[in-house]
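Q: Pasting a structure below so you can have a look.
The values are calculated or read from the model by the stated rules, or taken from the named source; none is laboratory data. Source: prediction; values computed, not measured. Positions of Cβ are backbone-derived with ideal geometry, glycine not excepted, and every protein chain shown enters the neighbour counts.
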Amino acid sequence: MNKKIIIKTVLILLWAMSTCLSWERTTGCEGSKNSGNKQPVQMKADPVDTVLKQLNKKTSELKSYQAQIEYGFIQPLLESETLRKGVLYYAKLGKKSKLRANFVTFQQEDEEEDKYVVQYIVLDGGCLTLPGQRLEGMWFVEIDYEIETVKYIQLAEPHDPNKPVDAFDLTSRHFPMVGFSRIEDLKKQFVVTLVEQKKSEPKGFIQVHLKVKPTSTYKDKFLSIDFWIDKKLSLPAKIVAVTTEEEIYRIKFLRPKVNVKIDEKVFDFKIPEGFDEPEIMPLKKKGEQK
């Protein structure tokens, strides 16, 4: 072969290789690009996000909820423990919602269970009648039949974009009923982790641990909250919360009925004769001392 032809062929090959390498640095040489038909690496889903996504789907579909409720309160420093039992009702009516807990028994430590009626109701202020006053926004009503008192506690101003309007969310400011709504806010308020269940513990539940963040709206009330999700219902079945005073709330939901129609009359109430006039406790205005 002619020497000039050989040299020319070698130069062409070197140029081709150089072009391919240069192209590969930017977009990848076509030959190496298709080599092996490698699939893009897929990131594993965060287990916490998976659980919260499932929970959010279920709560977004929640129209009504009814269950037997057990509400325990423990004060370790005083060596005191109490337990109340009753029924919980919740209904979403259009853009508004209502919640009611009727407790009918009370038990302290190992003493016998006694009848003690106390009712907690969360509803729109427009449902409350009070001579000479118009109550707006969302309110928490407490009716204690033992001491014959009634309290109206305002939870949110009307049309306040910074306040949740769902009854479960509003209740959680006083009682830790988390996990039923506004799931998207959990990561804003808490450091969320999943707790591995021990073999000795009942199966069929997922335990979620919430550590209160320093900037959380819960920071003045709670240190941490744990709740157990029933895998069949994808809703909370038990909640345990530790307060900043190291007190403990324990709440259980038993025999739940999900999206079974509830008569709206369940949320109606009437103050019995002989009770004191309701104590009105509106929200503090900006600038007012707490």
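Q: Need the failing condition index for residue 248 against (1) touching a helix residue (DSSP H, G or I) at 6+ places or on another chain (Cβ under 8 Å); (2) β-branched (Val, Ile, Thr); (3) at pLDDT below 95, just the number.
A: Only one criterion in (1) touching a helix residue (DSSP H, G or I) at 6+ places or on another chain (Cβ under 8 Å); (2) β-branched (Val, Ile, Thr); (3) at pLDDT below 95 is unmet by residue 248, namely (3).
Q: In segment 57-72, what residues are in a strand (DSSP E or B) and buried (at least 16 other Cβ atoms within 10 Å of the Cβ)?
A: 64, 65, 66, 67, 69, 70, 71, 72
Q: Further question on the same structure: Hey, does segment 263-273 have a residue that's buried (at least 17 other Cβ atoms within 10 Å of the Cβ), within 17 Å of the chain's Cα centre (by Cα) and not in a loop (DSSP other than H, G, I, E, B)?
A: Scanning segment 263-273, I find no residue that is buried (at least 17 other Cβ atoms within 10 Å of the Cβ), within 17 Å of the chain's Cα centre (by Cα) and not in a loop (DSSP other than H, G, I, E, B), so the answer is no.
Q: Looking at (1) over 30 Å from residue 159 (Cα atoms); (2) basic (Lys, Arg); (3) at pLDDT below 95, can you tell me which one residue 85 breaks?
A: (3)
Q: Same structure, new question: Does residue 256 meet the test of being more than 22 Å from residue 118 (Cβ to Cβ) and of a type outside the set (A, V, I, L, M, F, W, C)?
A: So residue 256 does not fit the description; no.
Q: Among what's in segment 178-205 and is in a helix (DSSP H, G or I) and surrounded by 16 or more Cβ atoms within 10 Å (Cβ to Cβ), pick the residue that is modelled with the lowest pLDDT.
A: 183
Q: Specify which of the listed residues (218, 249) is crowded, with 18+ Cβ neighbours inside 10 Å, part of a loop (DSSP other than H, G, I, E, B), in the same structural domain as residue 196 (by TED's automatic domain parsing) and of a type outside the set (A, V, I, L, M, F, W, C).
A: Result of the check over 218, 249: 218.
Q: Can we say residue 112 is among the acidic types (Asp, Glu), in the same structural domain as residue 272 (by TED's automatic domain parsing) and at pLDDT 95 or above?
A: No; evaluated as a whole, the condition is false for this residue.
Q: Further, regarding this structure: Could you grab me the full set of residues in segment 138-153 that are touching a Lys or Arg at 6+ places or on another chain (Cβ under 9 Å) and crowded, with 19+ Cβ neighbours inside 10 Å?
A: Result: 138, 140, 141, 143.
Q: Something else now. Give the residue that is nearest to residue 101 (Cα to Cα), with candidates limited to residues of segment 73-86 that are free of Cβ contacts under 8 Å to residues at least 40 places away in the same chain and surrounded by 16 or more Cβ atoms within 10 Å (Cβ to Cβ).
A: In this case the residue turns out to be 86.
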